[in-house]
Number of protein chains: 2
Amino acid sequence: MSMSETPPRSRRRAAPEEAQQTRKEDALMVNSVEKAFRVLSAFGRQHQTLSLSQVASETGMDISSAQRFTHTLNKLGYLRKDAQTKRFELTARTLDLGYHFVRSSRLVDRAMPYLMHLSKETEETINLTVRDGTEIIFVSRFLSRNVLNTDVIIGTRMPVYCTAPGIAMLSRLPEDEAMAVIDASDLKPYTASTVWQRDALREKIRQAAAQGYATAFEEVYLSDASIAAPILDHRGQPEAAVNIAVSCSRYSREEVVSRFSSLVVATAHAVSRI
Amino acid sequence: MSMSETPPRSRRRAAPEEAQQTRKEDALMVNSVEKAFRVLSAFGRQHQTLSLSQVASETGMDISSAQRFTHTLNKLGYLRKDAQTKRFELTARTLDLGYHFVRSSRLVDRAMPYLMHLSKETEETINLTVRDGTEIIFVSRFLSRNVLNTDVIIGTRMPVYCTAPGIAMLSRLPEDEAMAVIDASDLKPYTASTVWQRDALREKIRQAAAQGYATAFEEVYLSDASIAAPILDHRGQPEAAVNIAVSCSRYSREEVVSRFSSLVVATAHAVSRI
DNA sequence: TGATGTTTTATCGCTATGAGATAATTCTTA
DNA sequence: TAAGAATTATCTCATAGCGATAAAACATCA
């Protein structure tokens, strides 16, 4: 048997057994959908525009798939292609999905008037956040005229463990569930003030549970202080949090608590449906 | 031949010729992607939650497809399913796409500091919008402490023809292109003040071209006034618009122009890359 | 309470669809 | 202007996903 003959052009796709596997596991999964989202999320601050081959390498797809999905997303209007440079970029149409979410959210509906009121009363930045696994997502936001942080926008994600809203939400979970979230997190200090050790975090969660609110001082951004309270759904589960964010330069830690704790707790309570 | 025998179970899918047709027309289109988006956009203010069969009827898909796509989107985390009621709702993860867009947009990057400055200077609501066909989309937004309109949020769409940013953008297009947008629009009056007739709109566009800014007084919402200027890209095409929105009760039409026209024009010019 | 209709979930066979290869074309750059 | 790289167009084949339907769970009403 000659070893040198060219092997028959193996028309193999992915790893056949493995594909078979996932297929068996979940016959209802439409994989193309995941790929489409994979392409869209390849874009971001680092990659404002991408060429076809970059899309392929960023997403780990072959050039043909990249071609098919960029074409599809372009047709659907989520991707624009520059005729000159042949590079792709996201379009404003990508805002549609989030728009539908905000418009369909009972939580946002309920919370909005209270958040507005809190914004006017305090003249500080007010946020509504929800939890997605080990992260919080900013869902609604009223900016203060004082500090305009454009790094945080709607859709921004931050770790649960080093944010006041995150801890506030965990504080209304059974402790083992809360610690499971902590344990699933990639714990690390963002600043010198970040509380990131397991034991310290458990203590922080307990304290938040006792007080009804949580605080975070310069844990992610220097000079940012935040105080948050959990919003509970009709069965008492924490479904969101309100927080007030202020600049450390304008208030001491004690002042943040004394001025804002009861306001934020009252707002969270008003939005809750328990 | 008996006519009463049950016809052989016709295993036909869609209309075969037609499917063949579209397939021929666009071999690169991955139709599953469109269907996934169709499911997601079935949700909204009217449909905060949907059951499986509602998804099917809302999207015009059969129950099997609805099942497959809700399952897929649930797995990917864009849809949540209530274990009790078996109803679906959008999750905050749908904000991810829009987040990626905003983060990847050079336009937003460039505009942000100027918008912030304009917001502080005027203390009024400032918007950044882009055009998508016959609509404008709100991309960035700084709310005034005076009027807090929560109907308009990031991702909101409005017709080009009855908004100041829309007319401002058209005013920097060749007139035939501008009128093509008008002609593609579903022209109708939203309020008694809406300018919606073809000729009046052409006149309005010409005036905006001459002045460098466009205005709209109570054309969509009663008591809302708006003044906008176009942002041009490096080849002089209008790629966006800035506008200042105020309450009619606080300023006369003349005051809106005299106080804000040069500010909004200057801001738009600073953001332009011509 | 059982009977009946409705909705959801699970499963299956078939084939149009989309994967992957590659050829043709266009764009770079040296 | 030739070589190389990237993009676009086109083809074939295997299977992913479509559509049907059966089974199960729920709801409704006599």
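Please determine whether any residue of the range B:100-123 is among the β-branched types (Val, Ile, Thr) and either open to solvent by 60 Å² or more (accessible area, probe 1.4 Å) or within 8 Å of chain A (Cβ to nearest Cβ) (or both).
The first filter runs over the range B:100-123 and keeps only residues among the β-branched types (Val, Ile, Thr), leaving B:102, B:108, B:122.
Keeping just the survivors that are either open to solvent by 60 Å² or more (accessible area, probe 1.4 Å) or within 8 Å of chain A (Cβ to nearest Cβ) (or both) gives B:102.
The answer is yes, given that some residue of the range B:100-123 is among the β-branched types (Val, Ile, Thr) and either open to solvent by 60 Å² or more (accessible area, probe 1.4 Å) or within 8 Å of chain A (Cβ to nearest Cβ) (or both).
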Taking B:Ile154, is it in contact with a Ser or Thr (Cβ under 9 Å, 6 or more places away or on another chain), within 9 Å of chain A (Cβ to nearest Cβ), assigned to a loop (DSSP other than H, G, I, E, B) and crowded, with 19+ Cβ neighbours inside 10 Å? yes
Going through (1) in a loop (DSSP other than H, G, I, E, B); (2) farther than 22 Å from B:His47 by Cβ; (3) hydrophobic (A, V, I, L, M, F, W, C) one by one, A:Ile136 fails only at (1)
Selection within the range B:252-274 - hydroxyl-bearing (Ser, Thr, Tyr) and either touching a Lys or Arg at 6+ places or on another chain (Cβ under 7 Å) or open to solvent by 40 Å² or more (accessible area, probe 1.4 Å) (or both): B:Ser252, B:Ser258, B:Ser262
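Would you mind stating whether A:Arg141 is assigned to a helix (DSSP H, G or I), within 10 Å of another protein chain (Cβ to nearest Cβ), charged (D, E, K, R) and within 22 Å of the chain's Cα centre (by Cα)?
no
Looking at A:Val220, A:Val147, can you tell me which residue is at pLDDT 95 or above and open to solvent by 10 Å² or more (accessible area, probe 1.4 Å)?
Sole residue among the options that is at pLDDT 95 or above and open to solvent by 10 Å² or more (accessible area, probe 1.4 Å): A:Val220.
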With the checklist (1) under 23 Å from the mean Cα position of the chain (by Cα); (2) among the aromatic types (Phe, Trp, Tyr); (3) at the interface with chain B (Cβ under 7 Å from one of its Cβ atoms) in hand, flag the one item A:Phe69 doesn't pass. (1)
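Please find, within the range B:25-36, the residue that is least open to solvent (accessible area, probe 1.4 Å) out of those that are more than 7 Å from every other protein chain (Cβ to nearest Cβ) and assigned to a loop (DSSP other than H, G, I, E, B). Give the derivation first.
Here is the first cut: in the range B:25-36, the ones more than 7 Å from every other protein chain (Cβ to nearest Cβ) are B:25-27, B:31, B:35.
Subset that is assigned to a loop (DSSP other than H, G, I, E, B): B:26-27.
Working: B:Asp26: 28, B:Ala27: 58 Å².
The qualifying residue least open to solvent (accessible area, probe 1.4 Å) is B:Asp26.
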Looking at the range B:72-84 only, could you name the residues that are more than 10 Å from DNA strand C (Cβ to nearest atom), of a type in the set (A, V, I, L, M, F, W, C) and either more than 28 Å from the chain's Cα centre (by Cα) or more than 10 Å from every other protein chain (Cβ to nearest Cβ) (or both)? B:Leu79
Taking helices (runs of 4 or more DSSP H) that fall entirely within the range A:58-125, which contain at least 3 residues that are outside the structural domain of A:Val39 (by TED's automatic domain parsing), more than 30 Å from B:Thr150 (Cβ to Cβ) and at pLDDT 95 or above? none
Scan the range A:175-193 for residues that are of a type in the set (A, V, I, L, M), free of Cβ contacts under 8 Å to residues at least 40 places away in the same chain and open to solvent by 20 Å² or more (accessible area, probe 1.4 Å) and jot them down. A:Ala180, A:Leu187, A:Ala192
When the residues of the range A:37-88 are narrowed to those that are more than 10 Å from DNA strand D (Cβ to nearest atom) and among the basic types (Lys, Arg), which ends up least open to solvent (accessible area, probe 1.4 Å)? A:Arg38
Can we say A:Tyr161 is open to solvent by 30 Å² or more (accessible area, probe 1.4 Å) and in a loop (DSSP other than H, G, I, E, B)? no
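The values are calculated or read from the model by the stated rules, or taken from the named source; none is laboratory data. Model, not experiment: these values are computed from the prediction. Please note: Cβ atoms are built from the backbone with ideal geometry, for glycine as well, and neighbour counts cover all protein chains shown. Surface areas here come from the heavy atoms of the whole protein model, side chains and all, with no ligands, DNA or RNA. Shrake-Rupley method; radii C 1.70, N 1.55, O 1.52, S 1.80 Å.
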